[in-house]
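Notes follow the structure.
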Amino acid sequence: MLFPQITVKGVPRTDGGNGTVNLVAGTEASSQGNLLNQRTFEITENYTVPIGAHHFTIGTKDQFYRPYNLFGQNSRGSWTFNNLSDFQNGIPSAYAVSAPSPSDPAAGIATFEANMFAYYLQDVWQTTDNFALTMGVRWDQPKFDQTPPSNPDVLANYGRNTASVPTKGQFSPRLAFNWDMTGNQRNQLRGGIGYFTGPPPYVYLSNAFGNSGLSGYPALSCNGSTTSTTSFLPPAFNAANIANPPRACAASGTKPGGTLAFGSSINTIDPNFKFPQYQKISMAYDHRFGNGMVSTIEGLYTKSINDAFYTNLALVGPQGVDSHGRVLYGAPTATGWTPVTFGGRTQVLDLGNSSGNYTYSITGTLQKTFSTAFDGSLSYTYSEARDVASITSSTAGSNYRYARDVSGNLQDFSLTRSKNDMPNRVVAMGTYHAKTLTDLTVIYQGNSGAPYDYVYGAGSGSGSGDANGDGNSQNDLVYVPKNVRDPNEILFTGYNDTTKANSVAAQQAALDKFINSVPCLRENRGKILSRNTCRNPWVNEVDLTIAQSLQAFHAQNFQLRLDILNFGNMLNPKWGRQFFSDQGATCGSICSATILLTQTGNKIGPTVNGVNTTQGVYTFDSTLRPYSAQNASSNYRMQLSLRYSF
């Protein structure tokens, strides 16, 4: 049996730390209705004709895809309360719900048929015995057999037709070469340049089928705010509404409550949206030494021509800046910020394109077969990754909220450090082949820790933790105070209550100590953090693989394989620990955010020359540590598999 999700904020701590915690009970919001099935059919046909030194290939690769995506997030309702007293008295601060659209013949399931047709021509030209040149062109064309229904309200207010789907094809030329420099396969130079196109995860596009306002599971958020025409106050929390989740917010005076049909979040696709396309350039040199060792140095550069990017069309736009220069999109309240929107909706998330994201890497590798019983390799990679946003989730809401933490203009397409940036990586591997057809492989991997941010967390009030007022918390980069004891720099909970002076002083001291202990905070006092400027510690991991091949018969083979990941932790619980910032309390692996300060209110100030002087009031958790090894990656894992090949 499924229950609503209940979140009670402001629950007193019992572990001696400052601030409060959230109590969450019931059925997790995203698990109240979640099912994804997909059917994929592919046809590939190549025809190759050798003509002299040329090998011409003409071909096609056609993909036929049909998903069945049920995402009824909050279909049993999710209720939020500011504190235990409000919970006991049935006074919610927020409510979220979704339900199948009555006009959807698929009963809320996002299903459609999409095709990707690719046609290509290639020529492999063996110009000499030592030099081969490969040239090719490819055309990729998407086609959708169905479209989402057209929502006239969204078209009239936001200029987007919810029936829009990708239609633009893309041309991808490519060129590569392979040069045996000395003619004896001891010195090889190879490389290439080309454009590569492919479909995005179709779940990105299924969001438009499931959230047109007329199909799928329209989502409604009653967050306590109101617009000029519509109320988004949460409905009453009682037994009747628990059994049958309300599909409308509560009215406010003459303003009707938002409904699933009108107040729901909408997902659209920019009519100019193109499937992802990347330019890749590579160059590598291989040298085989006299003792059999092979060395390789390889460079790879990848740049996005088209990548995914999400925009909230319902936001009016910048409303000014705060005293630290943060761009604001909302109006301050006593508890937080309320986004300034239009058209009666708070979110219309539009899937469009960004460009210019890049990664480059330089890798050096040594590998050698020492005998029939042992071989090994060692490699080092230096790389850099910069992007506009790091798309990591399957839902539009999470991608818009967590793809990048911000402080500036939401339409700023400047490149910053990517969530995927990993400057240094070392891999060493050795395999012993026993006469019993047993292979024992040991792999060491060491790499730079992942980058992360510090952001503001939501307290108990409506709009709390949303420092820029765009309607989202946990994605606003923190301002690092120069002096934590200066009330013009930061205000702590209890700043205006003399009886709480000791608590304020304790939080000030704890935050000051924490800032000094974390380099990225210490080095940025008096500034808003840049995206992904912090970095987790170096990661070490040793893995072990034991593979037993069974005696082959005819052309059939069986192999039994045991993989032990983080083998060192299996030997000693103090080994193999991997330290990360506390992202798990925020959004896990889909974002880079770690909560530093939790907002408990605002000290409202005037707007002077476009600068809003409102100050947030915050609580710092004195038990927070920069990094923790309490995560799944610090534990060893085992996987047993059986492979059959024929």
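Worth pointing out:
- Debye intensity ratio I(q)/I(0), log10, the range 324-407, q values 0.17, 0.22 Å⁻¹ (C-alpha model): -0.96, -1.20
- Solvent-accessible area of residue 109, all protein chains in place: 60 Å² (probe radius 1.4 Å, heavy atoms, ligands and nucleic acids excluded).
- The apolar share of the surface of the chain, taken as the fraction of accessible area on carbon and sulfur atoms (1.4 Å probe, ligands and nucleic acids excluded), comes to 56 percent.
- Within the chain, DSSP assigns beta bridges of which about 90% are antiparallel (rounded to the nearest 5).
- Cα-based shape type of the range 1-121, given that a ≥ b ≥ c are square roots of the gyration tensor eigenvalues and the cut on a/c is 1.5: prolate
- Contour minus Cα-Cα distance for residue 53 and residue 126 (0.36 nm per residue): 25.8 nm
- Taken along the Cα-to-beta-carbon direction at a fixed 7 Å, the label points for residue 289 and residue 334 span 7.5 nm.
- Proximal charge balance of residue 360 [Cβ under 14 Å; K/R count +1, D/E count -1]: +1
- Packing, taken as the mean count of other beta carbons within 10 Å per residue, orders the peptides 361-374, 460-473, 391-404 from highest to lowest as 460-473, 391-404, 361-374.
- Treating r as the C-beta distance of residue 646 and residue 2 and R0 as 56 Å, the FRET efficiency rounds to 0.80.
- 1.4 Å probe accessible area per residue over the range 308-453, in Å²: 40 Å²
- Volume in Å³ per residue [convex hull over Cα atoms, computed for the range 261-307]: 119 Å³
- Rolling a 1.4 Å probe over the protein heavy atoms gives the range 36-104 an accessible area of 56 Å² per residue.
- Accessible heavy-atom area order of 321, 11, highest first, probe of 1.4 Å: 321, 11
- Full-extension gain in nm, residue 31 to residue 62, via 0.36 nm per residue minus C-alpha separation: 7.8 nm
- Taken over the range 77-178, the percentage of Cα pairs per 10 Å bin, counting from 0 up to the bin with the maximum distance, is 11, 19, 19, 17, 14, 11, 6, 3, 0.
- Share of Cα-Cα pairs in the range 165-267 lying beyond 24 Å, as whole percent: 56 percent
- In the structure shown, the pairs 9/419; 280/368; 61/280; 368/419 are assessed against 24 Å; a Cα-Cα span above that value is assigned to 9/419; 280/368; 368/419.
- Residues whose amide H falls under 5 Å from that of residue 469, counting only those 5 or more places apart or on a different chain, are 329, with hydrogens built in the peptide plane.
- What the phi angles of the range 209-214 give under the Karplus curve with 6.51, -1.76 and 1.60, with θ = phi - 60°, is a coupling list of 6, x, 9, 8, x, 10 Hz, glycine and proline written as x.
- Per residue accessible area of the range 110-220, 1.4 Å probe, in Å²: 44 Å²
- For residue 617, the residues 5 or more places off, or on other chains, whose built amide H falls under 5 Å of its own are 600, 601, 602, 603.
- Scaled radius of gyration (Cα, divided by 2.2 N^0.38 Å) that the chain gives: 1.10
- Length added when fully stretched, residue 505-residue 243, from 0.36 nm per residue minus Cα-Cα: 89.7 nm
- Using a probe of 1.4 Å on the protein chains alone, the accessible area found for residue 538 is around 120 Å².
- Of all lysines in the structure, the ones whose alpha carbon falls short of 17 Å from that of residue 482, not counting any fewer than 8 places away in one chain, are 513, 527.
- 11 Å cut-off, amide nitrogen to a point 7 angstrom out along residue 382 Cα→Cβ, residues in the range 388-424: 424
- Coupling constants for the range 480-495 follow from the phi torsions by the Karplus curve (6.51 cos²θ - 1.76 cosθ + 1.60, θ = phi - 60°), and in residue order they are 8, x, 5, 9, 5, 9, 8, x, 7, 9, 7, 10, 9, 4, x, 4 Hz; glycine and proline get x.
- Convex hull per residue volume in Å³, alpha carbons only, for the range 412-505: 261 Å³
- DSSP loop GluC sites (Glu not before Pro) with at most 14 other Cβ within 10 Å: longest gap in the chain: 114-522
- Counting charges near residue 280 (Lys, Arg +1; Asp, Glu -1) among other residues having Cβ under 10 Å from its Cβ returns a value of +2.
The values are calculated or read from the model by the stated rules, or taken from the named source; none is laboratory data. Here the structure is a predicted model, which means the values were calculated and not measured. Backbone-built Cβ (ideal geometry, glycine too); neighbour counts: all protein chains shown. For the accessible areas, the whole protein counts, side chains as well, though only heavy atoms, and no ligand, DNA or RNA atoms are used. Shrake-Rupley method; radii C 1.70, N 1.55, O 1.52, S 1.80 Å.
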